[in-house]
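Here's the structure, in structure tokens; my notes come after.
The values are calculated or read from the model by the stated rules, or taken from the named source; none is laboratory data. Everything numeric here is computed off the predicted structure, so don't read it as measured data. No Cβ is skipped: glycine too gets one built from the backbone with ideal geometry, and neighbour counts run over all protein chains shown. Accessible surface is based on the protein model in full, side chains and every heavy atom, while ligands, DNA and RNA are left aside. Shrake-Rupley method; radii C 1.70, N 1.55, O 1.52, S 1.80 Å.
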Amino acid sequence: MRTRMLLGFIPLFAICGIGTTQAQITSNPIPEPIVKRGIAVEVQDLVRLPDTRGLRSADQDVAPSGWARVSYVRDLRDGRRFANDSRGFLYLIDAGTGNNAQPHVYADVAAAFPMGVYNRLESGFIGFVFHPEFATNGLFYTVHSEIGPGNPKTPDFIPIGYGLKDVTYHNVITEWHATNPAANTFEGTRREILRTAHVVTTLTHPMGAVEFNPTAKPGDPDYGLLYTSGSDYGFSNGGGPNASNPAQTQRLDSIITAILRIDPRSPSVTHGRKGLGDYTIPMANKFASDPKALGEIYAYGFRNAHRLSWDTDGTMFASDIGMDQVEEINIVRNGENYGWMKREGYFENGRWRGGALNQLYPLPPEILDGRVKDGLTYPVVVYDHDEGRSITDGFPYHGRIAALRGKFVFGDIYAGRVFVSDLAAMKKADDGIPQTVAPIEEVQLYVRDATGKRVDVSFRELVEKTMGKSVSRADLHISRTRDGELLLTSRQDGMIRMLVPDSGAAATSAKR
Ligand SMILES: [Ca+2]
């Protein structure tokens, strides 16, 4: 009797899909906590960007209004260091020793773009990168945002199914050409290479990063190709009637959720295939010859893969900020699908099955353990929202700090916690089995006080001390120097800090 009843129910389960047999996860999807296991690293202040509070009106700034909204620090091979303030300045930080380094404006990016919009964390002058041959060709690239209504420019891409009347914001990549690359103030020309449109209420998850693979050498297929972040353009939680829209994801006829890889040179120069904007499609891109796909797509299925980095062996990483539950680091490969909005970490997101964005469901065991393939690529590192809220930049580390060597160093933007995972373990977790991920360990930061005594601190405490008040978010970002050391920045206090080998131990012992 009992057997017959169960059999009778099986077809019902089958037509309802996997969800009816596996209950929604309501909290703490990844129970194991992230703890400190003994890695401690000294952090030192390098230089603080100028105070730009009040530069923008309150409705064109974020709240709380930080000292300077620094997001990226980039070094040139000639030793010059640059940083952006999203309120509109690209600074050159004069070579100096320690506290003598002083920033001055290299380019007034805001002045170049009068339609700029500045009222979100990722807004205004969002990101920049130098061409690997900047020293000779003078080229660098910026990303910025503009208001949509009343904008005289027409976007190269509007999300499928929408028109100009729906456009709320523009997201623009510009190529700048410095007439004299050695000059310490920009003079030259610029060319717009891609302008894309948002149709959601707030400027949420625009393209942010622009990157060149730093391990590519002249002659390599990847050399001189520009990558963008992989961004959902707010189709998750950007607000208004057009957000929370799974139909805008998991498609190859749209740039939504995609990391793009482009040859930034105009087709008028390369005589190659034109992309959406004034750039050339690299024929090595997996979808370059697919008539149903956009050839500039390198990989897709990201919610907000806002930062990219490469290991010395060429392995590419993306930090993808999750929705309400799971943060992830992915190893990125040409043509692969990283799951959003079907997946969040190695879980199913409820929105894909008609539920809400904040819902998670477990994957069927045969998918989770890799016995059955679902065509998606899964993260190699995950953590959930009782540990942090939004994953920050991450970099493979091979620098001077012994405790971090061979690690991938990342953190949480909101909480300001600094984390590491073992690089070898991350590469091993890239095995096609969704449930295998690398463990995470938290780093204890410390400073040396005036007497040389070690004082343990959190990144948030450092920011609060500089600001002289408590802050609601640490706003941690990480940048990498030309020789592979790591810089910590906060959009709250505008300070650029560096992770350094122990300065106290260095005085007394050669080894810590
Ligand atoms: Ca947890």
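So which of G208, G188 ends up being in contact (Cβ under 8 Å) with a residue 12 or more places away in the chain, of a type in the set (G, A, S) and crowded, with 21+ Cβ neighbours inside 10 Å? Going through G208, G188 in turn, just one is in contact (Cβ under 8 Å) with a residue 12 or more places away in the chain, of a type in the set (G, A, S) and crowded, with 21+ Cβ neighbours inside 10 Å: G208.
For the range 212-226, the set of residues classified as assigned to a strand (DSSP E or B) and surrounded by fewer than 23 Cβ atoms within 10 Å (Cβ to Cβ) consists of F212 only. Considering the range 253-282, and only residues there that are open to solvent by 10 Å² or more (accessible area, probe 1.4 Å) and within 21 Å of the chain's Cα centre (by Cα), the residue that is farthest from G295 (Cα to Cα) turns out to be D263. Restricting V62, V35 to those that are within 23 Å of the chain's Cα centre (by Cα) and either more than 16 Å from the ligand (Cβ to nearest atom) or open to solvent by 40 Å² or more (accessible area, probe 1.4 Å) (or both) reduces the list to V62. For beta carbons closer than 8 Å, sequence separation of 6+ or different chains, a first residue in the range 390-413 that is open to solvent by 10 Å² or more (accessible area, probe 1.4 Å) and a second that is outside any helix (DSSP H, G or I) and among the aromatic types (F, W, Y), the qualifying pairs are S390/Y414; F395/F408; F395/F410; R405/Y397; G406/Y397; K407/Y397.
Among residues of the range 337-353 that are more than 20 Å from G234 (Cβ to Cβ), those with a Cβ under 8 angstrom from a residue that is basic (K, R), sequence gap 6+ or separate chain, pair up as E348/K342. Listed by first and then second residue, the pairs linking a residue in the range 25-37 that is of a type outside the set (V, I, T) to a residue that is near the ligand (Cβ under 9 Å from one of its atoms) and assigned to a strand (DSSP E or B), with Cβ atoms under 8 Å apart and 6 or more places separating them unless they lie on different chains, are N28/D384; P29/D384.
Those strands (runs of 3 or more DSSP E) of the range 386-445 in which at least 1 residues are in contact with a helix residue (DSSP H, G or I) (Cβ under 6 Å, 6 or more places away or on another chain), considering only elements entirely within it, cover 395-397, 407-411. Name the residue that is most open to solvent (accessible area, probe 1.4 Å), counting only residues in the range 361-389 that are more than 16 Å from the ligand (Cβ to nearest atom) and charged (D, E, K, R). Step by step, filter the range 361-389, then rank; the result is R371. Six or more apart or on different chains, Cβ atoms under 6 Å: show the pairs whose first residue is in the range 487-499 and touching a residue at least 12 places away in the same chain (Cβ under 8 Å) and whose second is open to solvent by 10 Å² or more (accessible area, probe 1.4 Å) and not in a strand (DSSP E or B). As it stands, the answer is Q492/V471; D493/W67; D493/T466; D493/M467; G494/W67; M495/T466, since those pairs meet every condition given. Of all residues in the range 305-346 being among the aromatic types (F, W, Y) and open to solvent by less than 20 Å² (accessible area, probe 1.4 Å), which is farthest from P33 (Cα to Cα)? Residue satisfying both the conditions and the ranking: W310.
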